[in-house]
Amino acid sequence: MVCALKKGAFRRYLFLNVYMAASVLVSIGRYEVLSHSGFESSAYRYFYYYSDSVLTILLYFALTSLYAHVFGELKANRFVRLGAVILLAGTAVFSYAVVQQYNSRMLTHFVVELSQNLYFVGLVLTYLLWAAIMKMRETRAQLVQLVLALGVYFSLFAATYALRNLYPSQSSVFLSLLQMFGLVLPIAWAYAFWRLSMDERIAPARLAMVPR
Amino acid sequence: MMPAFIFVCSITLLLQFFVSYCRSLIAASARQPLSREVQDVTGIQKNASGEDFPRVIQLLHLCPESPDDRTRIRAVGAYFGMLNFVRSTVARLMPSLRSWTEFERAQCAYFAAVTLERRIAFSRDMLAQQMDG
(Lines give C-alpha, C1' and ligand atoms only; values in the text may rest on other atoms or scores of the structure.)
Protein backbone atom coordinates (compact mmCIF):
# COMPACT_ATOMS: atom_id res chain seq x y z
CA MET A 1 0.00 0.00 0.00
CA VAL A 2 2.84 2.36 0.94
CA CYS A 3 4.68 1.42 -2.29
CA ALA A 4 1.53 2.10 -4.35
CA LEU A 5 1.04 5.46 -2.64
CA LYS A 6 4.67 6.47 -3.19
CA LYS A 7 4.57 5.49 -6.84
CA GLY A 8 1.22 7.13 -7.53
CA ALA A 9 -0.60 3.87 -8.25
CA PHE A 10 -2.95 3.94 -5.24
CA ARG A 11 -6.07 5.13 -7.03
CA ARG A 12 -5.29 3.20 -10.19
CA TYR A 13 -5.34 -0.07 -8.26
CA LEU A 14 -7.75 1.04 -5.54
CA PHE A 15 -9.32 -2.38 -4.79
CA LEU A 16 -5.90 -4.02 -4.44
CA ASN A 17 -4.93 -1.38 -1.91
CA VAL A 18 -8.25 -1.63 -0.07
CA TYR A 19 -7.59 -5.37 0.27
CA MET A 20 -4.05 -4.70 1.56
CA ALA A 21 -5.33 -2.13 4.08
CA ALA A 22 -8.01 -4.59 5.26
CA SER A 23 -5.44 -7.37 5.67
CA VAL A 24 -3.27 -5.09 7.81
CA LEU A 25 -6.29 -4.27 10.03
CA VAL A 26 -7.27 -7.94 10.23
CA SER A 27 -3.69 -8.91 11.20
CA ILE A 28 -3.74 -6.34 14.02
CA GLY A 29 -7.14 -7.64 15.13
CA ARG A 30 -5.94 -11.24 15.06
CA TYR A 31 -2.90 -10.35 17.11
CA GLU A 32 -5.11 -8.62 19.70
CA VAL A 33 -7.49 -11.58 19.96
CA LEU A 34 -4.57 -14.03 20.03
CA SER A 35 -2.78 -12.21 22.83
CA HIS A 36 -5.95 -11.91 24.92
CA SER A 37 -7.60 -15.28 24.31
CA GLY A 38 -4.80 -17.62 23.13
CA PHE A 39 -4.31 -19.76 20.03
CA GLU A 40 -6.61 -22.61 21.14
CA SER A 41 -9.50 -20.34 22.14
CA SER A 42 -12.76 -20.41 20.22
CA ALA A 43 -12.70 -16.58 20.11
CA TYR A 44 -9.50 -16.67 18.06
CA ARG A 45 -10.81 -19.42 15.79
CA TYR A 46 -14.06 -17.55 15.12
CA PHE A 47 -12.20 -14.30 14.49
CA TYR A 48 -9.68 -16.05 12.26
CA TYR A 49 -12.21 -17.78 9.98
CA TYR A 50 -14.72 -14.92 9.81
CA SER A 51 -12.03 -12.35 9.01
CA ASP A 52 -10.48 -14.75 6.48
CA SER A 53 -13.83 -14.97 4.74
CA VAL A 54 -14.14 -11.17 4.56
CA LEU A 55 -10.58 -10.91 3.21
CA THR A 56 -11.24 -13.58 0.57
CA ILE A 57 -14.32 -11.70 -0.65
CA LEU A 58 -12.28 -8.47 -0.81
CA LEU A 59 -9.53 -10.26 -2.73
CA TYR A 60 -12.17 -11.63 -5.09
CA PHE A 61 -13.26 -8.05 -5.84
CA ALA A 62 -9.61 -7.01 -6.21
CA LEU A 63 -9.31 -9.72 -8.88
CA THR A 64 -12.47 -8.38 -10.53
CA SER A 65 -10.86 -4.93 -10.66
CA LEU A 66 -7.88 -6.45 -12.50
CA TYR A 67 -10.37 -7.84 -15.04
CA ALA A 68 -11.69 -4.29 -15.41
CA HIS A 69 -8.13 -3.09 -16.17
CA VAL A 70 -7.58 -5.72 -18.86
CA PHE A 71 -11.01 -5.37 -20.46
CA GLY A 72 -11.25 -1.61 -19.83
CA GLU A 73 -10.75 -0.68 -23.47
CA LEU A 74 -13.58 -2.99 -24.54
CA LYS A 75 -15.97 -1.07 -22.26
CA ALA A 76 -16.98 -4.33 -20.64
CA ASN A 77 -16.72 -3.20 -17.00
CA ARG A 78 -20.47 -3.49 -16.36
CA PHE A 79 -20.52 -7.10 -17.57
CA VAL A 80 -17.43 -7.93 -15.52
CA ARG A 81 -19.05 -6.54 -12.35
CA LEU A 82 -22.32 -8.36 -13.04
CA GLY A 83 -20.51 -11.63 -13.79
CA ALA A 84 -18.45 -11.32 -10.60
CA VAL A 85 -21.51 -10.81 -8.41
CA ILE A 86 -23.37 -13.72 -10.04
CA LEU A 87 -20.35 -16.01 -9.60
CA LEU A 88 -19.94 -14.94 -5.97
CA ALA A 89 -23.63 -15.64 -5.31
CA GLY A 90 -23.28 -19.02 -7.06
CA THR A 91 -20.28 -19.93 -4.90
CA ALA A 92 -22.21 -18.92 -1.77
CA VAL A 93 -25.19 -21.10 -2.78
CA PHE A 94 -22.88 -24.05 -3.53
CA SER A 95 -21.12 -23.60 -0.17
CA TYR A 96 -24.49 -23.49 1.60
CA ALA A 97 -25.56 -26.70 -0.13
CA VAL A 98 -22.35 -28.39 1.06
CA VAL A 99 -22.74 -27.35 4.73
CA GLN A 100 -26.49 -28.03 4.96
CA GLN A 101 -25.76 -31.43 6.56
CA TYR A 102 -24.39 -29.77 9.71
CA ASN A 103 -26.97 -29.18 12.43
CA SER A 104 -24.83 -27.06 14.74
CA ARG A 105 -22.67 -24.00 13.95
CA MET A 106 -23.87 -23.99 10.37
CA LEU A 107 -22.89 -20.35 9.84
CA THR A 108 -19.30 -21.06 10.90
CA HIS A 109 -19.10 -24.08 8.61
CA PHE A 110 -20.57 -21.96 5.82
CA VAL A 111 -17.99 -19.20 6.33
CA VAL A 112 -15.09 -21.68 6.22
CA GLU A 113 -16.51 -23.49 3.17
CA LEU A 114 -17.19 -20.24 1.30
CA SER A 115 -13.66 -19.05 1.93
CA GLN A 116 -12.10 -22.29 0.63
CA ASN A 117 -14.35 -22.39 -2.43
CA LEU A 118 -13.59 -18.76 -3.22
CA TYR A 119 -9.87 -19.51 -3.27
CA PHE A 120 -10.46 -22.13 -5.94
CA VAL A 121 -12.91 -19.93 -7.91
CA GLY A 122 -10.37 -17.10 -7.64
CA LEU A 123 -7.65 -19.39 -8.98
CA VAL A 124 -9.74 -20.41 -12.00
CA LEU A 125 -10.69 -16.77 -12.67
CA THR A 126 -7.04 -15.68 -12.42
CA TYR A 127 -6.09 -18.36 -14.93
CA LEU A 128 -8.81 -17.14 -17.30
CA LEU A 129 -7.53 -13.58 -16.86
CA TRP A 130 -3.99 -14.75 -17.61
CA ALA A 131 -5.26 -16.49 -20.75
CA ALA A 132 -7.00 -13.24 -21.77
CA ILE A 133 -3.77 -11.29 -21.17
CA MET A 134 -1.91 -13.67 -23.48
CA LYS A 135 -4.64 -13.60 -26.10
CA MET A 136 -5.02 -9.82 -26.09
CA ARG A 137 -1.24 -9.30 -25.93
CA GLU A 138 -1.47 -7.09 -22.86
CA THR A 139 1.96 -5.51 -22.40
CA ARG A 140 1.72 -3.53 -19.13
CA ALA A 141 4.46 -5.15 -17.03
CA GLN A 142 3.04 -3.98 -13.70
CA LEU A 143 -0.42 -5.39 -14.47
CA VAL A 144 1.06 -8.67 -15.72
CA GLN A 145 3.10 -9.12 -12.52
CA LEU A 146 0.13 -8.25 -10.29
CA VAL A 147 -1.96 -10.93 -12.01
CA LEU A 148 0.78 -13.57 -11.92
CA ALA A 149 1.48 -12.95 -8.22
CA LEU A 150 -2.23 -13.29 -7.51
CA GLY A 151 -2.25 -16.57 -9.44
CA VAL A 152 0.65 -17.95 -7.37
CA TYR A 153 -1.11 -16.84 -4.16
CA PHE A 154 -4.50 -18.34 -5.04
CA SER A 155 -2.96 -21.64 -6.16
CA LEU A 156 -0.86 -21.96 -2.99
CA PHE A 157 -3.94 -21.37 -0.82
CA ALA A 158 -6.27 -23.58 -2.86
CA ALA A 159 -3.69 -26.44 -2.80
CA THR A 160 -3.12 -26.10 0.96
CA TYR A 161 -6.85 -26.05 1.75
CA ALA A 162 -7.33 -29.11 -0.46
CA LEU A 163 -4.53 -30.93 1.41
CA ARG A 164 -6.08 -29.90 4.71
CA ASN A 165 -9.37 -31.46 3.65
CA LEU A 166 -7.56 -34.61 2.56
CA TYR A 167 -5.61 -34.89 5.84
CA PRO A 168 -7.69 -33.20 8.58
CA SER A 169 -5.46 -34.62 11.34
CA GLN A 170 -2.55 -32.49 10.06
CA SER A 171 -4.66 -29.33 10.10
CA SER A 172 -2.27 -27.33 12.30
CA VAL A 173 0.66 -27.96 9.92
CA PHE A 174 -1.34 -26.63 6.97
CA LEU A 175 -2.49 -23.62 8.98
CA SER A 176 1.17 -22.74 9.65
CA LEU A 177 1.91 -23.11 5.94
CA LEU A 178 -0.94 -20.71 5.14
CA GLN A 179 0.60 -18.08 7.43
CA MET A 180 3.87 -18.37 5.52
CA PHE A 181 2.19 -18.26 2.08
CA GLY A 182 0.31 -15.16 3.20
CA LEU A 183 3.57 -13.23 2.73
CA VAL A 184 3.74 -13.99 -0.98
CA LEU A 185 1.14 -11.47 -2.13
CA PRO A 186 2.27 -8.36 -0.17
CA ILE A 187 5.92 -8.94 -1.17
CA ALA A 188 5.17 -9.55 -4.85
CA TRP A 189 2.72 -6.66 -5.14
CA ALA A 190 5.08 -4.32 -3.27
CA TYR A 191 7.82 -5.26 -5.74
CA ALA A 192 5.50 -4.66 -8.73
CA PHE A 193 4.51 -1.22 -7.44
CA TRP A 194 7.98 -0.22 -6.31
CA ARG A 195 10.23 -1.49 -9.09
CA LEU A 196 8.04 -1.32 -12.18
CA SER A 197 6.86 1.95 -13.60
CA MET A 198 3.38 2.18 -15.09
CA ASP A 199 4.89 2.69 -18.56
CA GLU A 200 7.11 -0.39 -18.46
CA ARG A 201 6.21 -2.96 -21.10
CA ILE A 202 6.71 -6.69 -21.41
CA ALA A 203 5.85 -9.23 -24.11
CA PRO A 204 3.57 -11.77 -22.39
CA ALA A 205 4.27 -14.35 -25.10
CA ARG A 206 7.82 -14.58 -23.68
CA LEU A 207 6.43 -15.56 -20.29
CA ALA A 208 4.40 -18.56 -21.40
CA MET A 209 5.67 -22.01 -20.42
CA VAL A 210 5.27 -23.13 -24.00
CA PRO A 211 7.03 -20.59 -26.25
CA ARG A 212 4.63 -18.88 -28.71
CA MET B 1 -12.37 -37.03 -4.37
CA MET B 2 -13.15 -33.30 -4.74
CA PRO B 3 -10.19 -32.10 -2.59
CA ALA B 4 -7.84 -34.36 -4.59
CA PHE B 5 -9.13 -32.85 -7.84
CA ILE B 6 -8.71 -29.31 -6.47
CA PHE B 7 -5.21 -30.17 -5.26
CA VAL B 8 -4.09 -31.49 -8.68
CA CYS B 9 -5.59 -28.46 -10.49
CA SER B 10 -4.00 -26.03 -8.02
CA ILE B 11 -0.53 -27.57 -8.30
CA THR B 12 -0.72 -27.56 -12.10
CA LEU B 13 -1.75 -23.90 -12.18
CA LEU B 14 0.78 -23.02 -9.47
CA LEU B 15 3.52 -24.38 -11.71
CA GLN B 16 2.21 -22.36 -14.65
CA PHE B 17 1.97 -19.10 -12.67
CA PHE B 18 5.29 -19.61 -10.89
CA VAL B 19 7.21 -20.21 -14.13
CA SER B 20 5.60 -17.19 -15.81
CA TYR B 21 6.21 -15.00 -12.75
CA CYS B 22 9.90 -15.95 -12.59
CA ARG B 23 10.25 -15.36 -16.33
CA SER B 24 8.72 -11.90 -15.88
CA LEU B 25 11.37 -11.15 -13.21
CA ILE B 26 14.15 -12.39 -15.48
CA ALA B 27 12.83 -10.68 -18.64
CA ALA B 28 13.76 -7.17 -17.48
CA SER B 29 17.40 -8.13 -16.88
CA ALA B 30 17.80 -9.90 -20.22
CA ARG B 31 17.94 -6.53 -22.03
CA GLN B 32 20.67 -5.04 -19.79
CA PRO B 33 24.27 -5.34 -20.96
CA LEU B 34 26.93 -6.35 -18.42
CA SER B 35 29.81 -4.00 -17.63
CA ARG B 36 33.35 -5.08 -18.51
CA GLU B 37 34.12 -5.46 -14.81
CA VAL B 38 31.24 -7.88 -14.13
CA GLN B 39 32.04 -9.79 -17.32
CA ASP B 40 35.60 -10.34 -16.01
CA VAL B 41 34.48 -11.31 -12.51
CA THR B 42 31.77 -13.73 -13.60
CA GLY B 43 33.40 -15.02 -16.76
CA ILE B 44 30.17 -14.31 -18.65
CA GLN B 45 31.08 -12.51 -21.85
CA LYS B 46 27.88 -12.35 -23.86
CA ASN B 47 25.90 -15.52 -23.34
CA ALA B 48 25.63 -17.08 -19.90
CA SER B 49 25.29 -20.78 -19.24
CA GLY B 50 23.35 -22.54 -16.51
CA GLU B 51 26.63 -23.73 -14.98
CA ASP B 52 27.49 -20.09 -14.15
CA PHE B 53 24.52 -19.63 -11.84
CA PRO B 54 25.90 -21.19 -8.59
CA ARG B 55 29.21 -19.29 -9.00
CA VAL B 56 27.49 -15.95 -9.59
CA ILE B 57 25.23 -16.56 -6.59
CA GLN B 58 28.35 -17.18 -4.46
CA LEU B 59 29.73 -13.85 -5.66
CA LEU B 60 26.39 -12.21 -4.84
CA HIS B 61 26.65 -13.44 -1.26
CA LEU B 62 29.98 -11.64 -0.94
CA CYS B 63 28.30 -8.27 -1.56
CA PRO B 64 26.18 -6.46 1.02
CA GLU B 65 22.51 -7.31 0.50
CA SER B 66 20.25 -4.72 -0.98
CA PRO B 67 16.75 -5.14 0.44
CA ASP B 68 14.83 -4.89 -2.82
CA ASP B 69 16.54 -7.76 -4.66
CA ARG B 70 16.57 -10.38 -1.88
CA THR B 71 13.11 -11.78 -2.65
CA ARG B 72 13.71 -11.83 -6.40
CA ILE B 73 16.93 -13.82 -5.97
CA ARG B 74 15.12 -16.33 -3.75
CA ALA B 75 12.30 -16.72 -6.29
CA VAL B 76 14.72 -17.15 -9.21
CA GLY B 77 16.88 -19.51 -7.07
CA ALA B 78 13.79 -21.67 -6.48
CA TYR B 79 13.03 -21.55 -10.21
CA PHE B 80 16.61 -22.62 -11.00
CA GLY B 81 16.25 -25.53 -8.55
CA MET B 82 13.02 -26.56 -10.27
CA LEU B 83 14.72 -26.39 -13.69
CA ASN B 84 17.56 -28.59 -12.39
CA PHE B 85 15.02 -31.12 -11.18
CA VAL B 86 13.22 -31.16 -14.56
CA ARG B 87 16.59 -31.41 -16.36
CA SER B 88 17.71 -34.42 -14.38
CA THR B 89 14.35 -36.25 -14.63
CA VAL B 90 11.76 -35.64 -17.38
CA ALA B 91 14.10 -33.72 -19.73
CA ARG B 92 16.34 -36.79 -20.09
CA LEU B 93 13.57 -38.36 -22.16
CA MET B 94 12.57 -35.23 -24.12
CA PRO B 95 15.31 -33.40 -26.04
CA SER B 96 13.14 -30.30 -26.68
CA LEU B 97 12.49 -29.95 -22.95
CA ARG B 98 16.21 -30.34 -22.30
CA SER B 99 17.12 -27.44 -24.59
CA TRP B 100 14.33 -25.34 -23.01
CA THR B 101 15.71 -26.00 -19.49
CA GLU B 102 19.24 -25.15 -20.67
CA PHE B 103 18.03 -21.84 -22.11
CA GLU B 104 16.11 -21.01 -18.94
CA ARG B 105 19.05 -21.90 -16.69
CA ALA B 106 21.27 -19.60 -18.75
CA GLN B 107 18.70 -16.81 -18.36
CA CYS B 108 18.76 -17.35 -14.58
CA ALA B 109 22.58 -17.04 -14.61
CA TYR B 110 22.39 -13.81 -16.63
CA PHE B 111 19.78 -12.45 -14.22
CA ALA B 112 22.14 -13.23 -11.31
CA ALA B 113 25.01 -11.43 -13.10
CA VAL B 114 22.85 -8.32 -13.67
CA THR B 115 21.84 -8.41 -9.99
CA LEU B 116 25.54 -8.67 -9.06
CA GLU B 117 26.19 -5.57 -11.12
CA ARG B 118 23.43 -3.73 -9.22
CA ARG B 119 24.79 -4.87 -5.87
CA ILE B 120 28.29 -3.69 -6.71
CA ALA B 121 26.85 -0.28 -7.64
CA PHE B 122 24.80 -0.28 -4.42
CA SER B 123 27.90 -1.10 -2.33
CA ARG B 124 29.87 1.67 -4.06
CA ASP B 125 27.10 4.17 -3.31
CA MET B 126 27.06 3.12 0.34
CA LEU B 127 30.83 3.45 0.58
CA ALA B 128 30.73 6.86 -1.09
CA GLN B 129 28.06 8.01 1.38
CA GLN B 130 30.16 6.81 4.33
CA MET B 131 33.23 8.60 2.97
CA ASP B 132 31.23 11.80 2.57
CA GLY B 133 29.77 11.45 6.07
Under 30 Å from the Cα of A:Lys75, which lysines turn up, not counting those fewer than eight places away in the same chain? A:Lys6, A:Lys7, A:Lys135
When the accessible area of the range A:22-86 is split by element with a 1.4 Å probe, what percent falls to carbon and sulfur? 68
What FRET efficiency comes out for the pair B:Phe5/A:Tyr102, r = Cβ-Cβ distance, R0 = 30 Å, nearest 0.05? 0.85
Looking at the calculated P(r) for the range B:2-132, what percent of the C-alpha pair distances fall above 18 Å? 59
1.4 Å probe accessible area per residue over the range B:2-132, in Å²: 54
Hey, what number do you get for chain B at 222 nm if only DSSP H runs of n ≥ 4 count, each worth -39500 (n - 2.57), divided across all residues, to the nearest 500? -27000 deg cm²/dmol
Pop a pseudo-label 7 angstrom from the Cα along the beta-carbon direction at both B:Leu97 and A:Ser27 and give the gap in nm to one decimal. 3.8
Pop out the ³J(HN,Hα) list for the range B:70-80 in order, Karplus 6.51 cos²θ - 1.76 cosθ + 1.60 with θ = phi - 60°, rounded to Hz; leave Gly and Pro as x. 4, 5, 5, 5, 4, 5, 5, x, 5, 5, 4
Need one value for A:159-171: mean number of C-beta atoms belonging to other chains within 10 Å of its residues' C-beta atoms. 3
Need the per-residue list for the range B:11-38: every residue with at least 30 Å² less accessible surface in the complex of protein chains than in the chain by itself, probe 1.4 Å, sorted by number. B:Leu13, B:Leu14, B:Gln16, B:Phe17, B:Ser20, B:Tyr21, B:Arg23, B:Ser24, B:Ala27, B:Arg31
Can you send over the carbon and sulfur percentage of the accessible area for the range B:2-132, probe radius 1.4 Å, protein chains only? 63
Would you work out if the range A:1-141 is rounded, prolate or oblate? Take a ≥ b ≥ c from the square roots of the eigenvalues of the alpha-carbon gyration tensor; rounded if a/c is under 1.5, else prolate when a/b is larger than b/c, oblate otherwise. oblate
Suppose we keep just the alpha-carbon trace of the range A:62-139; what are its Rg and Dmax in angstrom? 15.4, 51
Can you tell me the relative contact order of the range B:2-132? Whole percent, Cα pairs under 8 Å, sequence separation 6 or more. 39
When A and B pair up, the total accessible heavy-atom area removed from solvent (1.4 Å probe), in Å² to nearest 100, is 2800
What number, in percent, do you get for the relative contact order of chain A if the mean sequence gap of Cα pairs under 8 Å and at least 6 apart is divided by its residue count? 22
Report the net charge of residues surrounding B:Ala48, where surrounding means a beta-carbon distance below 13 angstrom and charges are Lys +1, Arg +1, Asp -1, Glu -1. -2
Rounded to the nearest 500 deg cm²/dmol, what is the calculated helix-only ellipticity per residue at 222 nm for chain A, with -39500 (n - 2.57) per DSSP H run of length n ≥ 4? -26000 deg cm²/dmol
Quote the FRET efficiency, to the nearest 0.05, computed for A:Ser171 versus A:Leu87 with a Förster distance R0 of 35 Å and r equal to the Cβ-Cβ distance. 0.80
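The values are calculated or read from the model by the stated rules, or taken from the named source; none is laboratory data. Please read these numbers as outputs of a predicted model, since none were measured by experiment. Virtual Cβ from ideal backbone geometry, glycine too; neighbours counted across all protein chains shown. When the accessible area is computed, the model is the full protein with side chains, heavy atoms only, and any ligands, DNA or RNA have been set aside. Shrake-Rupley method; radii C 1.70, N 1.55, O 1.52, S 1.80 Å.
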